Amino acid sequence: MDEAGRGPLAGPVVAAAVILSASHPIDGLADSKTLSASRREELAGQIRTHAVAWSLGMATVEEIDQFNILQATLLAMQRAVQGLSVTPELVLVDGNRAPQLSCTVRTVVRGDSLVKSISAASILAKVARDAILQDLDREYPGYGFAVHKGYPTVAHRQALEALGPSPVHRRSFGPVRRLLEDINIL
């Protein structure tokens, strides 16, 4: 299991859980951050086709603001595992924090580059979140979500300053919160 979208100022956090098939290995699995967008898309199709099971879980911007990003990420991970069509006996999670699950859970630091199933989850989570941000870019033009995917780039912060926060901005995140305080919305 892995997630995408902990650091952005906007959009949901998305987690993926993947159980790979030993009889259908997928070449080229790696940490999603090291792959081009087109390669991620290609691999995501192979993962969805050949995995024993896969599932996505998401936590909304509202949940991120209510619980904090760590708790929202763990919630998205729980949802991803709950959505699997096969109940796992063991879940390997990228990083050093894991959700409470009814099965054994182990964390693997840098797991997205060390464990193929975590790499696969990394890819599915990133591809799904990127697609969501593409949609949000059409819904909230001017912020550049399709380009920066909600991360706090210079261009995104400039758009945020010029346009103010959209409904999909995380109000609990420093740059957004400070802007809201400056304009007396919080």
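Read the figures in this text as sums done on the coordinates, not as results from a lab. From a predicted model like this one, the values you see are computed outputs, not experimental measurements. Note that we place each Cβ from the backbone using ideal geometry, even for glycine, and neighbour counts take in every protein chain shown.
For segment 2-140, a simple Cβ point-charge model (Lys and Arg +1, Asp and Glu -1, everything else neutral) yields a dipole of about 340 debye relative to the Cα centre. Of the labelled figures [x] 16.6, 51; [y] 16.9, 58; [z] 17.0, 54, only one reflects Rg and Dmax of the Cα atoms in Å as derived from the coordinates, namely [y]. Of the residues Gly142, Val154, Ser119, the one whose Cα sits farthest towards the positive end of the charge dipole of segment 98-174 is Ser119 (charges of +1 on Lys and Arg Cβ, -1 on Asp and Glu Cβ, taken about the Cα centre).
List the GluC sites (Glu not before Pro) within segment 50-99 that DSSP assigns to loop and that have no more than 14 neighbouring Cβ atoms inside 10 Å. Write out the running numbers ahead of the final one.
Working: sites: Glu62, Glu63, Glu89; in loops: Glu89.
Answer in residue order: Glu89.
Quote the charge dipole size of segment 114-186 about the Cα centre in Debye, to the nearest 20; the model charges only the Cβ of Lys and Arg (+1) and of Asp and Glu (-1).
On the way: 10 positive and 7 negative charges, 66 e Å.
Approximately 320 debye in magnitude.
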